[in-house]
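Working notes for the structure below.
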Amino acid sequence: MDYDYIIIGSGAGGAAAAGNLVRTGASVLLLEKGDELPMDGSTLDVGQVIREGRFKSHEPWLDGTGRTFAPEEYFNVGGKTRWYGAAVLRYAPHEFEADPRHQCLGWPIRYQDIEPYYEAAERRLGVREFPIEPDLAGIVRRITRHASGWSSEPLPLALSPDIVNHREEAAHFDAFASVQGLKADAAQVFIDPVRREPNFHLFRGDPVVRLVADEADPRRVAGVITIQGRYFAGRTVLLAAGALHSPRLLQSYLAGTGLAHRLPAAQQVGRFYKQHLLTALVGFSPSRKTDLLRKTRILLNDRLPHSSVQPLGFDAELIGALMPSFVPRRMATALGRYAYGFFLQTEDGSHPDNRVLAADEGRLPRLDYDARRMHAAHSEHRRLVRALSLALMRAGMLGFSRAIPLSGTAHACGSLVMGADPATSVVDATGRMHGMHNLYVVDGSVLPRSSRVNPSLTIFAWSLRVSDMLANNREEAHENVTRRHGRA
């Protein structure tokens, strides 16, 4: 069977495209490397999720120095959206423009071009704000009163309003997968509504290992082959495997077909990888903390324009897990009852040497990323950590911080960057790879900028935009054929 669309990956980009295209009547095949998550409560269990890392990928990679590490990736239906903290924020209009001083590339489209899709994604996800809780209200009030430059805004969340009535879910939505469907993830919002449609097909647990070229023209992808040897043919192929994995498939295809030396865009595949500069900071105070959701406001500082701070939605047990390993678990949990966690992020610049490289024969894939290549971002993030630590101290809290290492790939993007020029980018403003006829990218790898906030809403919106354009082009082509037959 030839599918109209083959989509590789079921995270934010893949799921949104699949759900959108199925509704047009097109035949859609969605291929997911992982499987469905269990619904037995294990995805809310701190021991299994955090301490054992049961649901994370343990795929080995090499860093830029040749050391082995495992990126914190998740292979399951719905991808990372099943796990991460439901914070869905828009990029600001100016964050679609280049910022050379911060080494940031510009988008080939404007904020206005994606704004309708932001609105559509927010509606589908049921985005809402939750009231600030007493402990956080006190912390924010003291920070904004005693520390200059700080302000706070409500944090939009893709959570059901009913979550506050389910304590276990409310205390474990950040870094955990909901069992009762109280977090609006990619699977629940975009895949579940079309699962029973006859034109939708979902294959799980069989990773795509190779893109197959059309015999007449390698600039057209004819289909894909999975690790179990299955071949699927499709008229259009959409990469949505994520910023670490989509470029590897594409690099292998370009090398195997000889296009690596023929297409200018091929030289940029895997480059300009970004993942935010991230730090977790825990503040302790003499008073016990009783907030439930916690993650309800975002802190900004006008002196740190590329950075933001979000509370972690972590209870005492989870905060205890952030403490050094030499602290006994019971003591760490007890201390966690007097603590609040914060997630600090700074947009990293785009550097061509920060890149994803597919595995050579007999070797592991490589992620060569060094924050020191982005001097402005590196400096601002250090200032951010110092500024928040000082602000918490003035607010009566003693903080300690822990930098998120290279393995923290929650916000990975940028390795198939979009742009107008094939010599400096991989995909164009429609999502199609420069020089290819039917290969599109709908995951976070296309994002030229990562903003100072979580990229998930922008990935949803981008995918909705690309799939809308594909659907419209298909309808126009069908109408043209109909007119020609009518004249004949």
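The values are calculated or read from the model by the stated rules, or taken from the named source; none is laboratory data. This structure is a prediction, so every number in the text was calculated from the model and none was measured. Every residue, glycine among them, receives a Cβ derived from its backbone with ideal geometry; neighbour counts consider all protein chains shown.
Is it true that some residue in the range 257-268 is in a strand (DSSP E or B) and touching an Asp or Glu at 6+ places or on another chain (Cβ under 9 Å)?
Scanning the range 257-268 turns up no residue that is in a strand (DSSP E or B) and touching an Asp or Glu at 6+ places or on another chain (Cβ under 9 Å).
Out of the residues in the range 85-108 that are in a loop (DSSP other than H, G, I, E, B) and hydrophobic (A, V, I, L, M, F, W, C), which is farthest from residue 37 (Cα to Cα)?
In the first step, residues of the range 85-108 are kept if they are in a loop (DSSP other than H, G, I, E, B); the result is 85-86, 88-92, 97-98, 103, 105-108.
Adding the requirement that they be hydrophobic (A, V, I, L, M, F, W, C) leaves 86, 88-89, 92, 98, 105, 107.
Details: 86: 17, 88: 22, 89: 26, 92: 34, 98: 39, 105: 37, 107: 35 Å.
Top of the filtered list is 98.
All but one of (1) more than 19 Å from residue 245 (Cα to Cα); (2) surrounded by fewer than 16 Cβ atoms within 10 Å (Cβ to Cβ) hold for residue 70; which doesn't?
Tallying (1) more than 19 Å from residue 245 (Cα to Cα); (2) surrounded by fewer than 16 Cβ atoms within 10 Å (Cβ to Cβ), residue 70 fails exactly one: (1).
For the range 319-358, name all the residues that are touching a residue at least 24 places away in the same chain (Cβ under 8 Å), among the small types (Gly, Ala, Ser) and farther than 24 Å from residue 288 by Cβ.
349, 350, 358
Could you list all residues from the range 9-18 that are in contact with an Asp or Glu (Cβ under 9 Å, 6 or more places away or on another chain) and either of a type in the set (A, V, I, L, M) or not in a loop (DSSP other than H, G, I, E, B) (or both)?
Correct list: 12, 13, 14, 15.
Cβ-Cβ distance below 7 Å, separation of 6 or more or different chains: which pairs start in the range 458-469 with a residue that is more than 13 Å from residue 115 (Cβ to Cβ) and buried (at least 24 other Cβ atoms within 10 Å of the Cβ) and end on one that is modelled with pLDDT of 95 or more and of a type in the set (D, E, K, R)?
459/443
Within the range 110-137, take every residue that is of a type in the set (A, V, I, L, M, F, W, C) and closer than 29 Å to residue 164 by Cα and give me the one that is surrounded by the fewest Cβ atoms within 10 Å (Cβ to Cβ).
Applying the first criterion (of a type in the set (A, V, I, L, M, F, W, C)) to the range 110-137 yields 114, 120-121, 125, 127, 130, 132, 136-137.
Checking which are closer than 29 Å to residue 164 by Cα leaves us with 120-121, 125, 127, 130, 132, 136-137.
Numbers: 120: 17, 121: 28, 125: 25, 127: 21, 130: 20, 132: 21, 136: 19, 137: 15.
Per the stated criteria, the residue is 137.
In the range 181-209, what count of residues is obtained for those that are in contact with a Gly (Cβ under 8 Å, 6 or more places away or on another chain) and either among the small types (Gly, Ala, Ser) or outside any helix (DSSP H, G or I) (or both)? Walk me through it before giving the result.
We begin by selecting, within the range 181-209, every residue in contact with a Gly (Cβ under 8 Å, 6 or more places away or on another chain); these are 184-191, 193-194, 199, 204-205.
After this cut, where a residue has to be either among the small types (Gly, Ala, Ser) or outside any helix (DSSP H, G or I) (or both) as well, the list is 184-187, 199, 204-205.
So the count comes out to 7.
Within the range 398-432, take every residue that is part of a loop (DSSP other than H, G, I, E, B) and among the β-branched types (Val, Ile, Thr) and give me the one that is farthest from the chain's Cα centre (by Cα).
Here the answer is 424.
Just give me the residues in the range 138-162 being exposed (fewer than 15 other Cβ atoms within 10 Å of the Cβ), at negative phi and of a type outside the set (S, T, N, Q), in sequence order.
Correct list: 141, 145, 146, 153, 154, 161, 162.
Go through 189, 212, 221 for me and flag whichever is over 21 Å from residue 255 (Cβ atoms) and at pLDDT 95 or above.
After applying the criteria, what remains is 189.
Collect the residues in the range 19-35 that are part of a loop (DSSP other than H, G, I, E, B), within 24 Å of residue 231 (Cβ to Cβ) and not aliphatic (A, V, I, L, M), keeping them in residue-number order.
Residues satisfying the conditions are 27, 33, 34.
Residues are listed down the side, and each one gets a yes or a no for (1) β-branched (Val, Ile, Thr); (2) within 30 Å of residue 450 (Cα to Cα); (3) at pLDDT below 95:
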| site | (1), (2), (3) |
| --- | --- |
| 230 | no, no, no |
| 241 | no, yes, no |
| 266 | no, yes, no |
| 274 | no, yes, no |
| 302 | no, yes, yes |
| 311 | no, yes, no |
| 322 | no, yes, yes |
| 327 | yes, no, yes |
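List the residue pairs whose Cβ atoms are under 9 Å apart, where the first residue sits in the range 256-270 and is without any contact (Cβ under 8 Å) to a residue 12 or more places away in the chain, the second is in a loop (DSSP other than H, G, I, E, B) and of a type in the set (Val, Ile, Thr), and the two are 6 or more positions apart or on different chains.
So the pair list comes out as 260/269.
Could you say whether any residue in the range 149-158 is under 26 Å from the mean Cα position of the chain (by Cα), farther than 30 Å from residue 390 by Cα and of a type outside the set (Val, Ile, Thr)?
yes
Restricting the search to the range 210-254, which residues are among the aliphatic types (A, V, I, L, M), without any contact (Cβ under 8 Å) to a residue 24 or more places away in the chain and not in a loop (DSSP other than H, G, I, E, B)?
Initially, the range 210-254 is screened for residues among the aliphatic types (A, V, I, L, M), giving 211-213, 216, 221-222, 224-225, 227, 233, 237-241, 243-244, 249-250, 254.
Applying the additional criterion that residues be without any contact (Cβ under 8 Å) to a residue 24 or more places away in the chain yields 212, 216, 222, 225, 227, 254.
Selection gives 212, 222, 225, 254.
Going by what's in this entry, would residue 449 be described as touching a Phe, Trp or Tyr at 6+ places or on another chain (Cβ under 8 Å), assigned to a helix (DSSP H, G or I) and either charged (D, E, K, R) or surrounded by fewer than 23 Cβ atoms within 10 Å (Cβ to Cβ) (or both)?
Answer is no for this residue.
Name the single residue that is nearest to residue 121 (Cα to Cα) among those in the range 54-84 being aliphatic (A, V, I, L, M) and part of a loop (DSSP other than H, G, I, E, B).
Out of the qualifying residues, it is 77.
If you check every pair at least six apart or on different chains, which have Cβ atoms under 9 Å apart with a residue in the range 84-108 that is more than 30 Å from residue 184 (Cα to Cα) first and a residue that is surrounded by 20 or more Cβ atoms within 10 Å (Cβ to Cβ) and modelled with pLDDT under 95 second?
Listed by first residue and then by second, the contacts come to 104/450.
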